[in-house]
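Trainee: I am attaching a structure below and will ask some questions about it afterwards.
The values are calculated or read from the model by the stated rules, or taken from the named source; none is laboratory data. If you're wondering where the values come from, they're calculated on a predicted model, not measured in any experiment. Positions of Cβ are backbone-derived with ideal geometry, glycine not excepted, and every protein chain shown enters the neighbour counts. With ligands, DNA and RNA removed, areas are computed over all heavy atoms of the protein, side chains included. Shrake-Rupley method; radii C 1.70, N 1.55, O 1.52, S 1.80 Å.
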Amino acid sequence: MLNGDDHYSYIKGYTDGMIHPNTPVTRAQVATILFRLLDEDLREKYLTETNTFRDVNADHWANTAVSTMAKMGVFRGRTLTRFDPDAPITRGEFAAVCARLDKTQVQVTNSFTDLNGYWAKQEILRAAALGWVQGYEDGSYRPNAKITRAQVITMINRVLCRMPEKSADLLSGMTTWKDCTESDWFYLAVQEATNSHDFQRKPNSIYERWAALRKDPDWGRYER
């Protein structure tokens, strides 16, 4: 359901010039990220500003994204009338959303030690088998733990194969952030997610090299 062919920006920074990569990402933010990444025809097909959530009204900045993702059945509320848009998304919720986005047939195995009785166990296992999420070295998944903006960006880039290999694969003149430097583990992932660009795939490689910077999409037209 997502567009992995066009490498446009899908994350915006803050007015303070920072990206806040280590901040927990909210449910509304994840809905917005995935809304932006939808195949364009699919986004237009399901586009709506109507939902059943009392806490995401017509004036909410993420109303269109939340409403559209809910209509698709990808993102669900915590109840029929409560979306909880400002709450940090959990690892379990994120995996469930990813599993609903990806219809690829895959063999699922019970690979985590802490999912018995968890409501999204099968969706987590499916998302893991598809490569969306990973567990920890101790065999756990920790479904109730929060996820940061940098972690979400990294997972999405990996699945969509949007991966520069090193800083030299980027271009001068790109947007940069005060709190994202070359020494940070998330630097390449953040730059990939915040700069629209043409790219070339490296020979016999999963990695890319940027070819030219492009104008960012006008996501503001969908927001309040």
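Trainee: Give me the pairs: first residue in segment 121-145 and without any contact (Cβ under 8 Å) to a residue 12 or more places away in the chain, second residue open to solvent by 30 Å² or more (accessible area, probe 1.4 Å) and of a type in the set (Lys, Arg), beta-carbon distance under 9 Å, and six or more apart or on different chains, which are they?
Mentor: What qualifies is Tyr136/Arg142.
Trainee: On to the next question. Just give me the residues in segment 19-45 being outside any loop (DSSP other than H, G, I, E, B), surrounded by fewer than 16 Cβ atoms within 10 Å (Cβ to Cβ) and touching a residue at least 40 places away in the same chain (Cβ under 8 Å), in sequence order.
Mentor: Leu42 - this is the single residue of segment 19-45 that is outside any loop (DSSP other than H, G, I, E, B), surrounded by fewer than 16 Cβ atoms within 10 Å (Cβ to Cβ) and touching a residue at least 40 places away in the same chain (Cβ under 8 Å).
Trainee: In segment 46-58, is there at least one residue being assigned to a helix (DSSP H, G or I), farther than 27 Å from Gln134 by Cβ and in contact (Cβ under 8 Å) with a residue 12 or more places away in the chain?
Mentor: Yes: one or more hits.
Trainee: Which residue out of Ala95, Ala99, Ala87, Ala62 is over 13 Å from Arg27 (Cβ atoms), in contact (Cβ under 8 Å) with a residue 40 or more places away in the chain and open to solvent by less than 20 Å² (accessible area, probe 1.4 Å)?
Mentor: So the residue among Ala95, Ala99, Ala87, Ala62 that is over 13 Å from Arg27 (Cβ atoms), in contact (Cβ under 8 Å) with a residue 40 or more places away in the chain and open to solvent by less than 20 Å² (accessible area, probe 1.4 Å) is Ala95.
Trainee: As an exercise: evaluate Asp16 against (1) in contact with a Cys (Cβ under 7 Å, 6 or more places away or on another chain); (2) exposed (fewer than 14 other Cβ atoms within 10 Å of the Cβ) and give the number of the one condition it does not meet.
Mentor: All conditions are met except number (1).
Trainee: Just a yes or no: is a residue in segment 76-87 under 20 Å from Lys12 (Cα atoms) and not in a loop (DSSP other than H, G, I, E, B)?
Mentor: The answer is no; no qualifying residue exists.
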